[in-house]
Amino acid sequence: MSFLHRQSFFVALLLALVIYIVPLASAAESKCAGESQFSCPNCGGISVSDCMDCDGYLFTDYNYGLCYNRKLFNTNAENGNSDNHYPFLWTDIVGTIVWFLTAGIATACGVGGGGIYVPMGILLLRFPPKPSSGLSQASIFGASLGGILVNIRKRHPDEHIRDTKGTPSKEHPGKMIAYEKGKGPMEIEDDREKYLDGGDGKRKFYTRPVIDYNMALFLAPMEMAGAVLGVIIQRVFPNWLFLCFAAVVLGFTAFKTFKKFFVAYAKDKAAKEERIELTKRESQRVLESQKKKESDANGEGAASDAVDDVEGNANTKEEKEEEDDPKQLEQRRKFLEEDSRQYPFEKISYLILLWIGLTVITFLKGGKGVDSVIGITCQDAGFYVLVAAQFLWTLGFAAVFGYKNVKGVNERVAVNYPFNETDVMWDFKKLQFYSFFTFVAGIVAGLIGIGGGMVLGPLMIVMGVNPRVSTATTATMILLTSSSVAVMFVMSGLVPWQYAVYFFFVCLLGAYIGKTRIDAYVKKTGMGSILVGILATIIALATIGCIIILFLNLAKVDWCVDGFKAFCTVSSEENACPTRLLSLSAEEIFPY
């Protein structure tokens, strides 16, 4: 199926979901209104229909019709006290273990883990959907930061890139066949020694960072733009509707990723068997050669002839290499040196600039329950100007670096740059493909509180990107999107500070330890498909979690589906529930 057909099918599927569900949600708007009221201890004991409107008491006790506050590792059980009669000690301990393990596995696969954190936050920690989404973003922030501490020091899997033209690949135009292909360990070592000894005496091996910064500079702003739209959609979507949306997107992604896993696993297994067979043949040839020398009286002459043949082949090879255009060789080496920098500061600076620009605009505009720092609301024209500025900033960034990527590839092709078989050969068709699905990944991230890697990671793998490169690059992008959203959630009071800070550090530590161990195993075995399989499993579990939560939530309200919410609601000062966020004492935030 071609790209356009796949894209059209995906869009049609989403449109069908919207066409079916929108009338249902609209018709349900009055059906569920006003059926449940909960006592809010804050604001003088007023009643609210949703405890999300009861600042500082976001959790709902359906049995007693009460909004209550949640404290980390709470062991008290004082009946009648809205703060202390909900002990969650063992729940939080089990949650710590689950979050720690999830962070390590998810980060190694290049996803944030939000597809696990959100369902488990609701099912295990018993958080409401939106606070669970906020806790998920704080957890993703910590996990992605832990992953960055590992990835930023890692090198590309191909550590022996040469400055020679190489043999063009018929399957991948513009790329070269790996020199190591079809060779045993000893042959590879001999071939590398000959390479270093040949040429003009300036030869060396090149490599790159495992993070593809060029890809990140194009895809990260596209994902951020999608996240902006996802947050806007979340303002009007009821919880059950965005859970339906999440289940469809994640289910489709899990199916595609499992298909890719079976193909990749078969290739890895065949490659492993081939390496073993080549090693056996190589060892057998060495033994036969030794036996022949011992038994053959003319062994020295034969060896001399063999040496002459090798030298003749080497000379022929060098003659061919001397035909390489010196200007092309010089420019090729410049590109290789540029790409081999472990810390390309200008590219890292651009990523930081992208994050700062979007964060500043977001705080000026307000959102996720946070008031604008300049006092505007959704009733002001300035609000919509800033929404447009968010899209202009992110999409403009993506357009500039998309053009730079295409230009950079064309310049390298002109000098016979040795592209790896897993490199992305950027052209305008690939820009269209990646930008569409990255934008969709961002929408999902902003809508349901996942990092976006569950859509973006499989996309890169399907496009043939090396699994270790794709996981490191998506983890970098997830850090940019999750950090700003996590700050917004915490500052808005939609997630308790204690939980956000605690699980941030749990996930940071879990990601650092888990990724280090899993990466070492993959490097040792050469089975990169393991990452694809784990990723597919995580996405499938997230899909199941969304479906379970959807039915549990509907069962709580007697299968009553609420309708769309108003996009712009501004509470009057008389009826507004005063915020407790800025008045919290240090003891309330960190009581232990």
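Per-structure values
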{"quantity": "Cross-link pairs LYS202/LYS430; LYS175/LYS260; LYS204/LYS260; LYS430/LYS523 - those with Cα-Cα distance over 24 Å", "calculated": "LYS202/LYS430; LYS204/LYS260; LYS430/LYS523"}
{"quantity": "Exposure rank, largest accessible area first [MET120, MET488; 1.4 Å]", "calculated": "MET120, MET488"}
{"quantity": "Assigned charges on the beta-carbon of Lys, Arg, Asp, Glu; the stretch 230-287 dipole about Cα centre (debye)", "calculated": "80 debye"}
{"quantity": "Residues of the stretch 517-535 with amide N under 17 Å of a point placed 7 Å along Cα→Cβ from ALA270", "calculated": "527-530"}
{"quantity": "FRET E, pair GLN342, GLU187, Förster distance 41 Å, beta-carbon r, rounded to 0.05", "calculated": "0.85"}
{"quantity": "Å² of accessible area per residue within the stretch 134-257, as computed with a 1.4 Å probe and no ligands counted", "calculated": "39 Å²"}
{"quantity": "Proximal lysines to LYS365, defined as alpha-carbon separation beneath 30 angstrom and excluding residues fewer than eight positions away on the same chain", "calculated": "LYS130, LYS347, LYS565"}
{"quantity": "In Å², nearest 10: area of LEU219 left accessible to a 1.4 Å probe", "calculated": "0 Å²"}
{"quantity": "Cross-link table LYS165/LYS259; LYS259/LYS429; LYS194/LYS267, entries beyond 31 Å C-alpha to C-alpha", "calculated": "LYS165/LYS259"}
{"quantity": "Label-point separation in nm, GLN290 to VAL501, each point 7 Å along Cα→Cβ", "calculated": "6.5 nm"}
{"quantity": "15 Å beta-carbon shell around THR537, net charge (K/R +1, D/E -1)", "calculated": "+3"}
{"quantity": "The stretch 375-418 and the stretch 133-153: distance between their alpha carbon centers, rounded to Å", "calculated": "24 Å"}
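The values are calculated or read from the model by the stated rules, or taken from the named source; none is laboratory data. From a predicted model like this one, the values you see are computed outputs, not experimental measurements. Here the Cβ is made from the backbone with ideal geometry for all residues, glycine too, and neighbour counts use every protein chain on show. Ligands, DNA and RNA are stripped out before the accessible areas are found, and what is left, the full protein with its side chains, is counted by its heavy atoms. Shrake-Rupley method; radii C 1.70, N 1.55, O 1.52, S 1.80 Å.
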